[in-house]
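The values are calculated or read from the model by the stated rules, or taken from the named source; none is laboratory data. Computed from a predicted model, the values in this text were never measured in an experiment. Here the Cβ positions follow ideal geometry from the backbone for every residue, glycine too, while neighbour counts run over all protein chains shown.
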Amino acid sequence: MDMNIGVIKGDGIGPEIVEEAMKVLDQVAKVYGHTISYTQLLMGGASIDVAGVPLTEATLAAAKASDAVLMGSIGGDAKTSPWYQLEPSRRPEAGLLQLRKGLNLFANLRPAVLYEELKGACPLKEEIADRGFDLMIMRELTGGLYFGKRSTEEIDGVVTAKDELTYNENEIRRIARRGFDIAMKRRKKVTSVDKANVLDSSRLWRKIVEEVAADYPEVELEHMLVDNCAMQLVKDPAQFDVILTENMFGDILSDEASMVTGSIGMLASASLNDTKFGLYEPSGGSAPDIAGQGIANPIATILSAAMMLRFSFDLDKEADAIEAAVAAVLKDGYRTIDIMSDGRKQIGTAEMGDRICSYIK
Ligand code: NAD
C-alpha cells in the first residue's frame, strides 16, 4: 500500500518522539512491503516562529490532502515561552483547535491499556490491577456543551451564566456508527454512557444509539449512566471494551481512564472524521521540562502510529505487530525514565524506538 502521511513534529519533545514513530513505521513498511511518503508540516509554536500564526491555510490544506496526520504534541512552557505573550487566538493550542475544526474531526478515540509489565504504576487496588484492562473511549468532539451558546447576564439583579447543551440525531448517529465500527475490530462490546434519567439530549442519544446498534447484531450494547461509569472505571475497568459518549462526559472519563493506567507516556489517541482520515497523536503534552534531553517516552506516539495503520489504512496485522513489539520490549525490562522501576533497564528515546523496531521482523 502507498501511504501519504502528513507529519507535524510539534514542539518540546514532539520532534524526538515523532522521529521514533516514523522509524517504527518505516520498519513496518519494509517488513510488510508498503511505501510511505511523509510531508512535513508546521503547527503550534514551530509555526508561530516561522509564519507568525499557529496554523496556516497552507498547512491545513496539506493536512487535508494527506491520508492521515501523525503529530507530536505542541505548546511550550506557559511561564517562559514568548508564544504565551500573544493573544489566546494566536497561541500554539489555538492551532490545534483550528486544525481539528478544519478537518471536521468529530470522533476522539483514547485507549487506556494497563500493560501486564506496568501494573505497578496502576493506582488501583492490586486485585483490580491484576485483572488488567484494555478499553477505548470514543468521545464526541465537536458538539454538546462545549460548542453550545453561552452567556453571562444579570437577570433580576442576579448575575446568571448559561451554557446550552445541544445534540441533533445526525451528530449522534455518526459518532455511534464510528463506535460500533471500532467495537467490531475489538471485543465487540459497546457501553454507551449518558445521563438519560435527567437530560433530554441523553434520551435522544440513547434512542439513536439503539437504532444504530440494530445494524451491528454481533456487538453487545449496554447503557450506563455517567456517574455509575465514573465509579465502575475505578472498581472494575476490565468490564469495558468501547465506551461511547458525548463531549463533556468523554472529556472527564477519558482523563479518569488515563490516570488509572498510571503512565501518560504510554497513551495514544486518534481523532477521526467521517472518511478514513485521522489525526494521530500522544495524549500527553509537549513536556518542555524534558525536551531535547533524549529521555522522553516515545511509546504513546508509536502506539498512535499503530492506531493510524489500523483505522486509516485497515492494516490490522501491521498495527498488531507494533503493539506486540511494545509489549515485548516492556517484558524484556526496558523502560524510559517516566515508567522506570527497580530492577529494570533505563534507556533513552532513540533506543526505545530501535528496540521496538527490532521486534518487527
Ligand atoms: P505534559 O503532558 O507535557 O507534561 C506533564 C508531565 O508529564 C511532565 O513532567 C512531563 O515531563 C511528563 N511527560 C509527558 N509526556 C511524556 C513523555 N512522552 N515521556 C516522559 N514524560 C512525559 O503537560 P503540561 O506540562 O501540562 O503541558 C506542557 C505543554 O504541552 C503545554 O504547552 C500544554 O499546553 C501542551 N499540551 C499539548 C497537548 C497537545 O499537543 N495535544 C496536550 C496537552 C498539553
Which one of these is buried (at least 24 other Cβ atoms within 10 Å of the Cβ) and either touching a Ser or Thr at 6+ places or on another chain (Cβ under 6 Å) or not polar (S, T, N, Q) (or both): ALA296, ALA328, ALA324, ALA291?
ALA296
All positions within the stretch 333-355 that are more than 11 Å from the ligand (Cβ to nearest atom) and either acidic (Asp, Glu) or not assigned by TED's automatic domain parsing to the domain that holds GLU117 (or both):
ASP342, GLU351, ASP354
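Does ALA196 meet the test of being touching a residue at least 24 places away in the same chain (Cβ under 8 Å), in a loop (DSSP other than H, G, I, E, B) and of a type in the set (Gly, Ala, Ser)?
Numbers: touching a residue at least 24 places away in the same chain (Cβ under 8 Å): yes; in a loop (DSSP other than H, G, I, E, B): yes; of a type in the set (Gly, Ala, Ser): yes.
So ALA196 fits the description; yes.
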Can you tell me which of PHE277, PHE240 is assigned by TED's automatic domain parsing to the domain that holds GLY75, under 18 Å from ALA107 (Cβ atoms), buried (at least 20 other Cβ atoms within 10 Å of the Cβ) and among the aromatic types (Phe, Trp, Tyr)?
PHE277
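Quick one: which residue in GLN27, GLN98, GLN85 is away from the ligand (no atom under 16 Å from the Cβ) and of a type outside the set (A, V, I, L, M, F, W, C)? I'd like the intermediate steps shown before the answer.
Details: GLN98 fails: away from the ligand (no atom under 16 Å from the Cβ); GLN85 fails: away from the ligand (no atom under 16 Å from the Cβ).
Going through GLN27, GLN98, GLN85 in turn, the sole match is GLN27.
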Residue satisfying condition, being in the same structural domain as ASP181 (by TED's automatic domain parsing) and of a type in the set (A, V, I, L, M), within set LEU225, LEU267
LEU225
Which of the strands (runs of 3 or more DSSP E) found entirely inside the stretch 222-321 contain at least 2 residues meeting this: more than 16 Å from the ligand (Cβ to nearest atom) and farther than 29 Å from ILE337 by Cα?
242-245
Selection from the stretch 102-126 of residues that are within 13 Å of the ligand (Cβ to nearest atom) and part of a helix (DSSP H, G or I)
ALA121
What pairs come out if I take residues in the stretch 143-166 that are outside the structural domain of GLY250 (by TED's automatic domain parsing) and over 30 Å from ASN273 (Cβ atoms) and pair them with residues that are surrounded by 11 or more Cβ atoms within 10 Å (Cβ to Cβ) and among the basic types (Lys, Arg) whose C-beta lies under 6 Å away, six or more apart or interchain?
none
Between residues in the stretch 89-101 that are in a loop (DSSP other than H, G, I, E, B) and residues that are near the ligand (Cβ under 10 Å from one of its atoms), which pairs lie under 6 Å by C-beta distance while being six or more apart or on different chains?
ARG91/TRP83
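Taking the conditions exactly as written (in contact (Cβ under 8 Å) with a residue 60 or more places away in the chain, closer than 19 Å to ALA306 by Cβ, crowded, with 24+ Cβ neighbours inside 10 Å and within 15 Å of the ligand (Cβ to nearest atom)), does GLY12 satisfy them or not?
Details: in contact (Cβ under 8 Å) with a residue 60 or more places away in the chain: yes; closer than 19 Å to ALA306 by Cβ: no; crowded, with 24+ Cβ neighbours inside 10 Å: yes; within 15 Å of the ligand (Cβ to nearest atom): yes.
For GLY12, the condition - in contact (Cβ under 8 Å) with a residue 60 or more places away in the chain, closer than 19 Å to ALA306 by Cβ, crowded, with 24+ Cβ neighbours inside 10 Å and within 15 Å of the ligand (Cβ to nearest atom) - is not met.
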Test each condition in (1) without any contact (Cβ under 8 Å) to a residue 24 or more places away in the chain; (2) surrounded by 13 or more Cβ atoms within 10 Å (Cβ to Cβ); (3) closer than 26 Å to LYS276 by Cβ for ARG206 and report the one that comes out false.
(3)
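Here are some residues: PRO88, PRO92. Which one is out of contact with any strand residue (DSSP E or B) (no Cβ under 9 Å at 6 or more places or on another chain), assigned by TED's automatic domain parsing to the domain that holds LEU303 and surrounded by fewer than 18 Cβ atoms within 10 Å (Cβ to Cβ)? Spell out the reasoning first.
On the way: PRO92 fails: surrounded by fewer than 18 Cβ atoms within 10 Å (Cβ to Cβ).
Unique residue meeting the criteria: PRO88.
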Kindly list the number of the only condition in (1) farther than 19 Å from ASP200 by Cα; (2) hydrophobic (A, V, I, L, M, F, W, C); (3) touching a helix residue (DSSP H, G or I) at 6+ places or on another chain (Cβ under 6 Å) that fails for LEU165.
(1)
